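Nothing in this text is a laboratory measurement; each read-out follows from the coordinates by a stated rule. Bear in mind the structure is a predicted one, so any value in this text is a computation, not a measurement. Here the Cβ positions follow ideal geometry from the backbone for every residue, glycine too, while neighbour counts run over all protein chains shown.
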Amino acid sequence: MEPEARPRTFRSIFISDVHLGTRGCQADLLLDFLRHHESEYLYLVGDMIDGWRLRRSWYWPQSHNDVVQKILRRVRKGTKVYYLPGNHDEVVRGFLNLQFGGVDVVEEIIHTTADGRRFLVIHGDQFDAVVKYAKWLALVGDHAYVVLLWVNTWFNFVRRKLGFTYWSISAYLKQKAKSAVEYIGNYESALADEARRRQVEGVICGHIHHAEMRDMEGVLYCNDGDWVESCTALVEHDSGQLEIIHWVQATHTMPMRAAA
């Protein structure tokens with residue numbers, strides 16, 4: 001049997017929207033990603049735990065506990081871990097500027113890359129008009145989203161039985177729906193404007209489950225995606241170069257990447 005390849009090492013890894021505590025969470029894929037990638041800094045950019053869902057019904061399989069333990073082991077091995085709560089784990093915002101198990105809990109942070117660029121790191125729900133001004137509507141949308149993820153789970157169960165790889169129905173519908181595209185565009189513009197106001201080179205966020213990295217009139221907008229639909233992470237190389245990694249375990253091939 002061939003020995004397992006050594007993990008790739010990066011300066012920083014950014015992950016968000018894992019939604020531990022939900023059936024849609026791709027915890028096994030995240031564990032596989034963490035086994036293959038290590039870093040000096042690890043940023044947990046919100047919605048790591050889905051408190052909205054756990055308040056309705058308890059769901060916490062061993063794989064979800066394994067993700068937590070894996071992260072805490074990273075801390076013990078010397079990785080600097082920051083937890084930036086989102087709207088689904090907003091209860092953690094009651095513990096800002098404290099440390100738990102070596103993990104620093106912060107509302108936001110400025111990350112300086114190896115090549116000297118400054119990035120605002122924030123979950124991003126603060127710039128979502130629906131979450132900010134009509135939380136009841138966000139809760140209704142969350143329920144519909146959970147139903148869609150349930151359909152997605154069974155759809156991909158059948159795909160695996162037929163030998164096909166993972167494919168997200170919800171991500172596909174987001175790309176096709178005009179209103180969703182407009183919503184994403186407004187969200188990205190709001191974050192880019194905030195980066196300009198802070199006089200930083202870019203912004204790193206999550207929240208909308210849409211991995212993206214692009215220049216927006218001089219501001220580099222980076223969204224690290226999620227571990228429910230796209231299974232993506234943003235990484236920083238030792239040179240300061242940023243890259244989005246799409247991690248799909250089922251293919252057993254090198255994941256797709258975009259870099260800047």
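When peptides 94-102, 116-124, 49-57, 26-34 are ranked by their average number of other Cβ atoms within 10 Å per residue, the highest-first order is 116-124, 26-34, 49-57, 94-102. The amide H of N87, built 1.01 Å from its N in the peptide plane, has D47, D125 as neighbours under 5 Å, considering only residues 5 or more places off or on other chains. When you count the other C-beta atoms within 10 angstrom of each residue and take the mean per peptide, 211-218, 238-245, 58-65 line up highest first as 238-245, 211-218, 58-65. What does the charge count around E217 come to, taking other residues whose C-beta lies under 12 Å from its C-beta (Lys +1, Arg +1, Asp -1, Glu -1)? Net local charge, E217 excluded: -1.
Using the Karplus relation 6.51 cos²θ - 1.76 cosθ + 1.60 with θ = phi - 60°, the per-residue 3J(HN,Hα) values for the range 191-202 come to 5, 5, 5, 5, 4, 5, 4, 7, 6, 10, 7, x Hz, with x marking Gly and Pro. Near L20, once Lys and Arg are set to +1 and Asp and Glu to -1 for all other residues with Cβ below 13 Å from its Cβ, the sum equals -4. Report the net charge of residues surrounding G102, where surrounding means a beta-carbon distance below 15 angstrom and charges are Lys +1, Arg +1, Asp -1, Glu -1. That works out to +4.
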